[in-house]
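Student: Below you'll find the structure I mean.
The values are calculated or read from the model by the stated rules, or taken from the named source; none is laboratory data. Because the structure is predicted, anything quoted here is derived from the model rather than measured. Cβ sites come from the backbone with ideal geometry, for glycine too, and all protein chains shown count toward neighbours. Areas reflect the complete protein model, heavy atoms only, side chains present, ligands, DNA and RNA absent. Shrake-Rupley method; radii C 1.70, N 1.55, O 1.52, S 1.80 Å.
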Amino acid sequence: MFREEGLEASDELTTHVGLAAGRPLSRIADEIEEILKALGSGGDHDFSPLSDYSECVFLKNADGVCIYSNKAHRQLFAQIGSPIGRTANAFLDAVGAALSERQDALLFDGCRYCECEHTNTGPDGLLYKMVTHKRSLQSLNAPGLAILGVIRLERQTDTDAATRRLDLSTACARFRELSDRDQELCRQTALGVSSRELGERLSMTTRGVELRKQKAFSKLGVAKAVDLARLLTRLQDRGYLDLGL
C-alpha cells in the first residue's frame, strides 16, 4: 500500500524552477536511499518523509510503473494527471519517455546509477532544462521498489511564442508518429508539390489532402507549408531524417 500527500490546485510549476545551485542530486539520492532503508523491507510503506524535498522525487517498481511521486514531481505533471500507477510513456512526450526507458534499462541491466542533463516539453508546452538522477534500489530487497528518481528543473525557457516551438528531437519523434502516407504527404509538400497535385498522386480529393495536411501541421507545431519545409530541412540537415529534400 503506497500513500501520497495532497496537491493543491493552486500550486504553480514555477515554484520549483531555478534550483541549479542546490545540493548535488547524487547526495540527495544517497539521503533518500537511507530513508528507504530505514522504512524496512515490508510492503506497506509511508513515503511521507519524501514530501519535504523541493526536488521532484519518484519511485518505480520492476515494471517501470511509478508507485510514488512527491508533491514537486506531481506538480510538474499536474495538467495531465498524477504519474502514480502509470509508465513514463503515459505522461511524458515521446522523446522524454524514450530517454526514461533507456535509463531504466541501464539500471535493470546492472548499472548502479545514471545522471543526465536534458530538455523536455512540459505540460504547459514550454521547454525545460532538467537534470535527472536515477539509481537502482535492488540492493534494498524491498518488494515493489526498483528505481529511485530525482529531478531538478534548472531553468524554464522564456515564455514568448517563439520558445513554445518544439525542439528538434521532439519534432522528429512526432514526425515518426505520423502514418507513412502522412509522412510522404509532408515530404512532398515541403518539396513544393501543390495539394491538387498531391490529390492526383495519392488518389485523394484536394479537400481531403488539405485536411490531412492541417492535422499533420498541428501535430508538428507548424502553421503553413513554408514552416513545414523549414522544419523538415532542419531535421534533415541535423541528421534526424533523410527525406531527400
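Student: Just for the stretch 209-225: of the residues that are over 20 Å from L245 (Cα atoms) and open to solvent by 20 Å² or more (accessible area, probe 1.4 Å), which one is nearest to the chain's Cα centre (by Cα)? Walk me through how you get there before you give the answer.
Tutor: Looking only at the stretch 209-225, we keep the residues that are over 20 Å from L245 (Cα atoms), and these are 209-212, 214-215, 218-219.
Among the residues that remain, those that are also open to solvent by 20 Å² or more (accessible area, probe 1.4 Å) are: 210-212, 214-215, 218-219.
Numbers: E210: 30, L211: 28, R212: 26, Q214: 25, K215: 22, S218: 19, K219: 16 Å.
The selected residue is K219.
Student: Could you figure out which of (1) closer than 23 Å to P143 by Cβ; (2) surrounded by fewer than 16 Cβ atoms within 10 Å (Cβ to Cβ); (3) at pLDDT 90 or above isn't true of S26?
Tutor: All conditions pass for S26, except number (1).
Student: Ok, one more. Of all residues in the stretch 166-193 being crowded, with 16+ Cβ neighbours inside 10 Å and among the basic types (K, R), which is modelled with the highest pLDDT?
Tutor: Within the stretch 166-193, the match that is modelled with the highest pLDDT is R187.
Student: Same structure, new question: Can you tell which of A105, A97 is within 16 Å of the chain's Cα centre (by Cα), modelled with pLDDT of 70 or more and open to solvent by less than 50 Å² (accessible area, probe 1.4 Å)? Steps first, please.
Tutor: On the way: A105 fails: within 16 Å of the chain's Cα centre (by Cα).
Unique residue meeting the criteria: A97.
Student: Something else about it: Please indicate, with yes or no, whether at least one residue in the stretch 214-222 is part of a loop (DSSP other than H, G, I, E, B), of a type in the set (A, V, I, L, M, F, W, C), over 23 Å from G96 (Cβ atoms) and without any contact (Cβ under 8 Å) to a residue 12 or more places away in the chain. Full working, then the answer.
Tutor: The first filter runs over the stretch 214-222 and keeps only residues part of a loop (DSSP other than H, G, I, E, B), leaving 221-222.
Still in the list and also of a type in the set (A, V, I, L, M, F, W, C): 222.
After this cut, where a residue has to be over 23 Å from G96 (Cβ atoms) as well, the list is none.
No, the stretch 214-222 contains no residue that is part of a loop (DSSP other than H, G, I, E, B), of a type in the set (A, V, I, L, M, F, W, C), over 23 Å from G96 (Cβ atoms) and without any contact (Cβ under 8 Å) to a residue 12 or more places away in the chain.
Student: What single numbered condition from (1) under 23 Å from the mean Cα position of the chain (by Cα); (2) modelled with pLDDT of 85 or more; (3) loosely packed, with under 14 Cβ neighbours inside 10 Å fails to hold for G239?
Tutor: (2)
Student: Could you go through the stretch 80-90 and let me know if any residue there is under 27 Å from S139 (Cβ atoms), modelled with pLDDT of 90 or more, loosely packed, with under 13 Cβ neighbours inside 10 Å and under 17 Å from the mean Cα position of the chain (by Cα).
Tutor: The answer is yes, given that some residue of the stretch 80-90 is under 27 Å from S139 (Cβ atoms), modelled with pLDDT of 90 or more, loosely packed, with under 13 Cβ neighbours inside 10 Å and under 17 Å from the mean Cα position of the chain (by Cα).
Student: Hey, among L198, L231, L241, which residue is touching a Leu at 6+ places or on another chain (Cβ under 8 Å) and more than 29 Å from A98 (Cα to Cα)? First the steps, then the outcome.
Tutor: Working: L231 fails: more than 29 Å from A98 (Cα to Cα); L241 fails: more than 29 Å from A98 (Cα to Cα).
Residue meeting the stated conditions: L198.
Student: Give the number of residues within the stretch 186-213 that are touching a residue at least 12 places away in the same chain (Cβ under 8 Å) and among the polar types (S, T, N, Q).
Tutor: The qualifying residues number 3.
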